[in-house]
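Every number here is computed from the coordinates shown, using simple stated rules; none is lab data. It should be emphasised that the depicted structure is a prediction, and the values quoted were computed from it without experimental measurement. So basically every Cβ, Gly included, is an ideal-geometry build from the backbone, and we count neighbours across all protein chains shown.
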Amino acid sequence: MRVVAIVVAAGSGSRMQTKIKKPYLEIAGVPLLVRTLRALERSALIREIVLVVREEELAEAKRLIDQYGIRKVIRYAAGGAERQDSVRNGLRMVDDAADLIVVHDGARPFVTADEIDRVIAAAAECGAATIGTPVKDTIKKVADGTVEETLPRETLFAVQTPQAFRAQLLRKAHAMAVAAGCRSTDDASLVEWTGHPVRVVEGSYRNIKITTPEDLLIAEAFVEREL
């Protein structure tokens, strides 16, 4: 089984409120993007990685990959206007021989090899899978500042990445989305939209996405506990 990962690291990172672009911010001295790529390299199932970055950041990304000895990144793609466009650009660089494609956020550095491998195994079995965690808060549906409905917490999961798919299924979902003008914030939603079921694999609350300055503080705390 040939598994290829697409790592999406082309966002603007505007909520981080720093002059340094988010993928290159350091967590305990190591760039965020490097930590994420190292996490994927620990999975023996992933054969290669396609890295999607902003075109103007390509040279910096390649420099870091050389500096830190990242071996599995062998192809690059330019980021698009939105995340969905970036993934689609990455798909164009995935070898036709790939059986499964894993999509992962470049800003999730704490995913484990076990989590990655369990998502891959689930996708190999049923075609599409995502990692996620049961929500801990009470979730309310709100309109114009007023609660419309309190949703049953026992049925709700916060969906993360990695997400894994049979290659042809993911390609088909993106092609259909382009034709229909469908937009989504993650690939699992696109696959759901085509009518294909997506399995949820329970993961860890540590698999946070670094989005705000507060997330960076939490990431530093995680690393310090590991030292």
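Taking 106, 79, 181 as the candidate residues, the one with maximal mean-square fluctuation in a Gaussian network model of the chain, Cα springs under 10 Å, is 181.
Using Stokes-Einstein with the Kirkwood hydrodynamic radius over Cα pairs, what translational diffusion coefficient do you get for the range 1-114 at 10 °C and a viscosity of 1.306 mPa s, in µm²/s rounded to a whole number? Each step should come with its number before you reach the end.
On the way: Rh = 14.1 Å.
It comes out at roughly 113 µm²/s.
Over the chain, the pair-distance histogram of Cα-Cα distances with 10 Å bins from zero comes to 8, 32, 37, 19, 4, 0 percent, rounded to whole numbers.
Taking 7 Å steps out from each Cα toward its Cβ at residue 71 and residue 113 produces label points 1.2 nm apart. What the phi angles of the range 158-174 give under the Karplus curve with 6.51, -1.76 and 1.60, with θ = phi - 60°, is a coupling list of 8, 7, 10, 10, x, 10, 10, 8, 4, 4, 5, 5, 5, 4, 4, 4, 5 Hz, glycine and proline written as x.
Only helices enter the 222 nm calculation for the chain: every DSSP H run of n ≥ 4 contributes -39,500 (n - 2.57), and dividing by all residues gives -10500 deg cm²/dmol, rounded to 500.
Please express the shape of the range 102-202 as an equivalent ellipsoid: the semi-axes are the square roots of 5 times the eigenvalues of the C-alpha gyration tensor, given largest first in whole angstrom.
Working: eigenvalues 123, 76, 30 Å².
One finds semi-axes of 25, 19, 12 Å for the range 102-202.
The amide H of residue 158, built 1.01 Å from its N in the peptide plane, has 133, 135 as neighbours under 5 Å, considering only residues 5 or more places off or on other chains.
With an 8 Å cut-off on Cα pairs and a minimum separation of 6 or more residues, tell me the relative contact order of the range 3-221 in percent.
Working: 409 pairs, mean separation 52.7, N = 219.
Rounded, it is 24 percent for the range 3-221.
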